[in-house]
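As structure tokens, the structure follows; a few thoughts come after it.
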Amino acid sequence: MSQPPVRITGVPVTCRGLVFIYKVEGYDVVALSRVDLDIAAGEAVALVGPSGSGKSTLLSLMAGLLKPAAGSLRVGRHDLARARSAELQRMRATELGVVLQGDRNLLPYLSAVDNLRFAQRGGPRAGLPDPHDLLELVGLRGDAVARALPRDLTPGQRQQLSVATGAAIGGGLLLADEPTSQLDAEAREEVVAALLAVNVTGRTVVVVTHDPDIGVRFGRSVTIRDGRVGAEGRSGENFLVVGADGAVHLPTELLTELPPGTLLRVEAAGTGGILLRVAETESS
Ligand SMILES: Nc1ncnc2c1ncn2[C@@H]1O[C@H](COP(=O)(O)OP(=O)(O)OP(=O)(O)O)[C@@H](O)[C@H]1O
């Protein structure tokens, strides 16, 4: 790259008591139930948790594609619970990028570089990143790749290009839904590197994933369970959130060691803390 990547001002996200309900044939499906979450400007956060726990719904709310049923959601200077549709449209066009699952960000008949130019149409008039710099940023180097159609790229390269389209308008927030699903380990690594490169430019990056390793690489993971924030992990430390009903959810990676039904003994740890130990059952 001829120049270092342009610095972007990251967008912070704050959720307070966020609720979202799908209406299905007269029934209410509560997808998110009072989510509290703070994401600082420039952070990289993985949203992890079981299928159906509400991760994609939370991402769609942050993107302004769904409207909160209750609670508040701030994305930068926007109050998404109150914003009118014109404000949401402007925000999506100029301030954030969304990487959808699979190849849905890409137009099959445009080259890699033209896909980026297309993604920039409707964006801000000034200060757009150079498409060739974007390709380089996400690890797609050389003229041949820039001129290639999506079908001539590997699945991993297509996903790197999708990440670049999400960053194309130079907005301060990148949201990605399962960007590494169905990729082999090597391609996954390239896509994670692309997301981290986008984050290093200053953008806030929020990724929905089933891959706990992404949380480790990002430095922060937030576990969503049953529509609530159930646990937090930062660089090797784990935090559990006590829910309104007293429930505590374990981080996904601990569930392999402590499957549902495990009896834990709760002990005072002496320093004002508590210790959770696996209780010995009568048969053991
Ligand atoms: N369009 C929809 N209409 C009705 N219910 C929905 C819709 N989308 C999601 N849901 C329901 O909302 C809840 C949360 O779904 P969501 O897709 O947000 O979870 P997720 O954690 O992203 O799951 P996955 O990891 O499988 O993508 C689930 O109970 C799901 O069945």
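Read-outs throughout are calculated quantities, based only on the coordinates presented, and are distinct from any laboratory measurement. As the structure is a prediction and not an experimental result, all values here were calculated from the model. Here the Cβ positions follow ideal geometry from the backbone for every residue, glycine too, while neighbour counts run over all protein chains shown.
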Search the structure for amide H atoms under 5 Å from the amide H of ALA176, placed 1.01 Å from N in the peptide plane, and list their residues when 5 or more places away or on another chain.
VAL99, VAL206, VAL207, VAL208
For each of THR14, THR256, count neighbouring Cβ atoms within 10 Å of the residue's Cβ, then give the residues from fewest to most.
THR256, THR14
Percent antiparallel among DSSP beta bridges confined to the chain, nearest 5, equals 65
For the stretch 37-46, in residue order, the Karplus 3J(HN,Hα) values (coefficients 6.51, -1.76, 1.60; θ = phi - 60°; whole Hz; Gly and Pro = x) are 7, 10, 10, 7, 4, x, 7, 10, 10, 9
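Exposed loop sites here are GluC sites (Glu not before Pro) in DSSP loop states with at most 16 other C-beta atoms within 10 Å. What is the longest stretch of the chain lacking them?
That would be 26-256.
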Only Lys, Arg, Asp and Glu count, each charged at its Cβ (+1, +1, -1, -1), so figure out the dipole size of the stretch 81-210 about its Cα centre, rounded to 20 debye.
660
Determine the gain in length on full extension of the stretch ALA268-GLU25; use 0.36 nm per residue of separation and subtract their C-alpha separation, reporting nm with one decimal.
82.6 nm
Could you work out how far apart the two model spin labels at ARG277 and LEU110 are, taking each label as a point 7 Å from the Cα in the direction of the beta carbon, and quote it in nm?
6.2
Using alpha carbons only, how many degrees (0 to 90, rounded to 10) separate the axis of helix 185-200 from the longest principal axis of the chain?
80
Inter-site label distance for VAL200 and ALA86 at 7 Å from Cα along Cβ, in nm:
4.1
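So what's Rg/Rh here for the chain, counting alpha carbon atoms and using the Kirkwood radius for Rh?
Ratio value, two decimals: 1.02.
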Of the peptides 119-126, 60-67, 158-165, 272-279, how do they stack up when ordered by the mean number of other Cβ atoms within 10 Å, highest first?
158-165, 60-67, 119-126, 272-279
Simple label model, 7 Å out from Cα along Cβ direction - ARG220 to ASP38, nm:
0.9
